[in-house]
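As structure tokens, the structure follows; a few thoughts come after it.
The values are calculated or read from the model by the stated rules, or taken from the named source; none is laboratory data. Bear in mind that the values here come from a model prediction, so they are computed numbers and not experimental data. No Cβ is skipped: glycine too gets one built from the backbone with ideal geometry, and neighbour counts run over all protein chains shown. In case anyone asks, the SASA skips ligands and DNA or RNA and just uses the protein heavy atoms, side chains included. Shrake-Rupley method; radii C 1.70, N 1.55, O 1.52, S 1.80 Å.
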Amino acid sequence: MSGQIELDFAGDEDAKAEIGAAVRYLLRDASGGARGDIVQEVMEIVRGVANGVLPPQHSADAGAIKQAPISGITYKAYVIDAFRRDTDRWRATIRRLDGKKIRVAFPPSVLDEATTSADALTAEKAAELAKKAIDGGGLI
């Protein structure tokens with residue numbers, strides 16, 4: 001897919017124009033704090049892309065969940081991605097670096113990725129909760 005994306009641009013200036021158009025679209029009806037939040041999310045997306053981190057993917061039945069690909073934190077043998085569920089409600093997904101499934105101790109299950117069960121006020125706090133889950137031995 002990335003090859004297709006690269007072929008769609010005539011050059012650097014064309015790509016930058018597309019980015020500008022996308023940002024203008026996202027900001028079209030925003031004002032005040034919402035505008036700042038959108039700008040922050042865009043910056044986090046750019047950071048993630050620059051670091052080679054893909055946004056976490058959630059199933060379609062996770063309807064109310066809004067993603068903000070801000071993390072991509074490597075911790076031990078895992079990657080942690082924080083996402084915003086709602087205003088001031090952050091969670092984190094945890095997946096293995098090697099792509100293997102994760103065994104969760106409670107409730108017993110095997111998953112592609114695990115999600116923290118408690119909301120946090122910031123992405124950083126959500127990542128800390130994920131690290132505690134890893135350190136606590138609940139993930140194998």
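Here are some notes:
- Whether a residue is open to solvent by less than 70 Å² (accessible area, probe 1.4 Å) and aromatic (Phe, Trp, Tyr) was assessed, and residue 83 passes this test.
- When segment 103-113 is filtered for residues that are surrounded by 13 or more Cβ atoms within 10 Å (Cβ to Cβ) and at pLDDT below 90, the ones remaining, listed by number, are 103, 104.
- Candidates 122, 116, 93: the one that is under 15 Å from residue 73 (Cα atoms), open to solvent by less than 70 Å² (accessible area, probe 1.4 Å) and touching a helix residue (DSSP H, G or I) at 6+ places or on another chain (Cβ under 7 Å) is 116.
- Hey, residue 94 of a type in the set (A, V, I, L, M, F, W, C), within 16 Å of the chain's Cα centre (by Cα), closer than 21 Å to residue 47 by Cβ and at pLDDT 90 or above or not: yes
- Reported count of residues in segment 8-27, each being closer than 15 Å to residue 42 by Cβ, charged (D, E, K, R) and surrounded by 10 or more Cβ atoms within 10 Å (Cβ to Cβ), is 2.
- Scanning segment 97-134 for residues that are charged (D, E, K, R), in contact (Cβ under 8 Å) with a residue 40 or more places away in the chain and in a helix (DSSP H, G or I) yields 124, 131.
- Residue within segment 67-76 that is among the hydrophobic types (A, V, I, L, M, F, W, C), out of contact with any Phe, Trp or Tyr (no Cβ under 9 Å at 6 or more places or on another chain) and either modelled with pLDDT under 75 or open to solvent by 80 Å² or more (accessible area, probe 1.4 Å) (or both) present: no
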